[in-house]
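Below: one structure, written as C-alpha cells.
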Amino acid sequence: MSAEQTGLDQVLADQTAESILQQAADLFARLQELPDEQRIDTINALKLLLRPHSPMRDQPVDCVLWVPAEQVRGNDYNPNSVAPPEMELLKLSIESDGFTQPIVTWRQDPDQERYEVVDGFHRHLIGRSEGLAAALHGRLPVTVIRPDRSDRSDRQASTIRHNRARGEHSVEPMSEMVKDLHLRGKSDEWIGRELGMDPDEVLRLRQVSSLAAFYSAEEFSAGWEPDAFTGTDRTDPLPPRSPSRPENSETIGRLTAYLVELPDEPPAYTIALDGQFLPGAYADRAAVLVAYGVFLGGEKHFPLDDLKVHSADTREAGRPTTVADVENHARSKGLSVPGLADLPGDFADEDARLVAYGILLGGGTPDLADLPAPITLAAIETAA
C-alpha cells in the first residue's frame, strides 16, 4: 500500500470518528430528559450495545454496569475475612475516593438478572450500607467474568487469585510513606485515620525509618556499633550515617526485627510479624525472641502490651523491655517458671530455645514436649 493511500485512509478514518462522536454527543444530550433511574438503565444498555464493537470486549473491565444492589449477592465459599478496623477503612476509602474498583461477579441467571460476587464481597457490603446506598442510587458497579469461567471450581479459583494477588504492604515502604506524610505536615492523628492505623502502629513505622528527617539538625556520632544480630563486636569505627533506611534488620522465621537508634535514646528493637507490627520495644535480640515466643504461645497470661516497662523513676519508665522484665512479669502473674539456663529440652539452636522460653513464660501453647528433637524454630512456628 502506498504512502498516499495510507494517508487517505487515515483522513477518512478521522472523519468517520469525528462524525460518530458528533452524532453520539447529540444523541447522549437527550439522556438528560430521562429520570435518574431510567437514565442509569439506558446507559447500561448502551454499554452492552457498544461492547461487541470494542477491540477490548474480552476484558471484563471493558463493561462496568451499575446494577440494583438487591440483584448482587455474596458467594458461600470465600475464605477471606476483614477485621472491623479494615472494614471502617474500606468504608472511608469508598466515601472519600468513590468506587475505584468494580465488584467482580458471575451472572447466575441472565433472565433473572442475578449476580454472584467473585471478588469484592466487602465492597458489596459497604456499598449497601446506609448513606452510601442513597448516594449510589441503590446500585453497585459490577463486571462479569468471562462466560467460560462460570463453573463453580473456576469461580473459587478466581476468588482466591484475587485475594492473594493483592499482596501485603511491606514495612519499609510503609515507613517511608509515613515519614513523607509527616514531612508534608500531616499529624499522626491524620495519618492514623486516613491510613487505618492505630497510634502505636504510626509510631513504629516512624521508628523503622529512624526518623532521620526529624533529627536532621542533630549530629550523629561516629561511635562504634555492633554488627546487627551477629553477636560479634566490631573493632573498626563506622562513619556517620543517616539511618533513613532500616539497614539493621533481620528476618527470624516469620518475624522481622528492626534495630532503631535515635539520638538521646537507648537502642531498641521493634518487631513485625508477616508485615504487621507487634507491640513493644525490646532491649536486645534475646528479648525480641522471648517476646516472639510469648506471642506465638497465644499471650495466655499477658499480652505483649503488658511488657512495657513502667516505673516511678522517669528515667526507667518506657525503656526497652528485657528478658528479665518478661520473667518478672510472668512471676507477678503467679507463674513458677525456670530460668533460661534451666529450660529443659533439646533445641536445634539458641533462637529456638529463646522462643520456647517465651512460650513457657507466657503460659501458652504448644506443648513443646510433643515436638521431635532437636526442636527447631520452624517446628515451633508450625505447631503454634
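Considering each of LEU181, LEU195 in turn, give the residue that is of a type in the set (A, V, I, L, M) and at pLDDT below 75.
The unique qualifying residue is LEU195.
When segment 282-301 is examined, which residues are found to be at pLDDT 85 or above and open to solvent by 30 Å² or more (accessible area, probe 1.4 Å)?
ALA283, ASP284, ARG285, ALA286, PHE295
Report yes if VAL337 is open to solvent by less than 40 Å² (accessible area, probe 1.4 Å) and not in a helix (DSSP H, G or I), otherwise no.
So VAL337 passes the test.
What are the residues in segment 111-133 that are assigned to a helix (DSSP H, G or I), more than 20 Å from GLN156 (Cα to Cα) and free of Cβ contacts under 8 Å to residues at least 40 places away in the same chain, if any?
Listed by number, the list holds a single entry, ILE126.
Need the failing condition index for VAL118 against (1) under 23 Å from ALA45 (Cβ atoms); (2) β-branched (Val, Ile, Thr); (3) in contact with a helix residue (DSSP H, G or I) (Cβ under 8 Å, 6 or more places away or on another chain), just the number.
Of the numbered conditions (1) under 23 Å from ALA45 (Cβ atoms); (2) β-branched (Val, Ile, Thr); (3) in contact with a helix residue (DSSP H, G or I) (Cβ under 8 Å, 6 or more places away or on another chain), the odd one out for VAL118 is (1).
Answer with yes or no whether GLN71 is within 19 Å of ALA133 (Cα to Cα) and either modelled with pLDDT under 90 or over 23 Å from the mean Cα position of the chain (by Cα) (or both).
Spelling it out, GLN71 is indeed within 19 Å of ALA133 (Cα to Cα) and either modelled with pLDDT under 90 or over 23 Å from the mean Cα position of the chain (by Cα) (or both).
For segment 34-51, check the following and say yes or no: at least one residue is touching a strand residue (DSSP E or B) at 6+ places or on another chain (Cβ under 6 Å), touching a residue at least 24 places away in the same chain (Cβ under 8 Å) and either within 28 Å of GLY196 (Cβ to Cβ) or not β-branched (Val, Ile, Thr) (or both). Walk me through how you get there before you give the answer.
Narrowing segment 34-51 to residues touching a strand residue (DSSP E or B) at 6+ places or on another chain (Cβ under 6 Å): 40, 44.
Imposing the further condition that a residue be touching a residue at least 24 places away in the same chain (Cβ under 8 Å) reduces the set to 40.
Subset that is either within 28 Å of GLY196 (Cβ to Cβ) or not β-branched (Val, Ile, Thr) (or both): none.
Scanning segment 34-51 turns up no residue that is touching a strand residue (DSSP E or B) at 6+ places or on another chain (Cβ under 6 Å), touching a residue at least 24 places away in the same chain (Cβ under 8 Å) and either within 28 Å of GLY196 (Cβ to Cβ) or not β-branched (Val, Ile, Thr) (or both).
Residues GLN101, GLN108: which one is among the polar types (S, T, N, Q), free of Cβ contacts under 8 Å to residues at least 24 places away in the same chain and under 16 Å from GLY74 (Cα atoms)? Break it down stepwise before answering.
Numbers: GLN101 fails: under 16 Å from GLY74 (Cα atoms).
Answer to the check: GLN108.
Filter segment 58-73 down to the residues that are more than 17 Å from ASP109 (Cα to Cα) and among the charged types (D, E, K, R), then identify the one that is least open to solvent (accessible area, probe 1.4 Å).
The selected residue is ASP62.
For segment 116-153, enumerate the residues that are open to solvent by less than 50 Å² (accessible area, probe 1.4 Å), acidic (Asp, Glu) and either at positive phi or more than 22 Å from the chain's Cα centre (by Cα) (or both).
GLU116
Taking segment 347-374 on its own, how many of its residues are touching a strand residue (DSSP E or B) at 6+ places or on another chain (Cβ under 7 Å) and either surrounded by fewer than 12 Cβ atoms within 10 Å (Cβ to Cβ) or modelled with pLDDT of 85 or more (or both)?
The qualifying residues number 7.
Return the total of residues in segment 8-57 being exposed (fewer than 10 other Cβ atoms within 10 Å of the Cβ) and small (Gly, Ala, Ser).
Of the residues in segment 8-57, 2 are exposed (fewer than 10 other Cβ atoms within 10 Å of the Cβ) and small (Gly, Ala, Ser).
In segment 346-365, which residues are assigned to a loop (DSSP other than H, G, I, E, B) and touching a residue at least 60 places away in the same chain (Cβ under 8 Å)?
Once the filter is applied, which keeps residues that are assigned to a loop (DSSP other than H, G, I, E, B) and touching a residue at least 60 places away in the same chain (Cβ under 8 Å), segment 346-365 yields GLY363, GLY364, THR365.
Determine whether segment 74-91 contains at least one residue that is open to solvent by less than 30 Å² (accessible area, probe 1.4 Å) and not in a loop (DSSP other than H, G, I, E, B).
Checked segment 74-91: no residue is open to solvent by less than 30 Å² (accessible area, probe 1.4 Å) and not in a loop (DSSP other than H, G, I, E, B).
The values are calculated or read from the model by the stated rules, or taken from the named source; none is laboratory data. Remember, predicted model here, so these are calculated numbers, not experimental data. Using ideal geometry, Cβ is built from the backbone for each residue, glycine included, and neighbour counts are taken over all protein chains shown. Note: areas computed on protein heavy atoms with side chains; ligands, DNA, RNA excluded. Shrake-Rupley method; radii C 1.70, N 1.55, O 1.52, S 1.80 Å.
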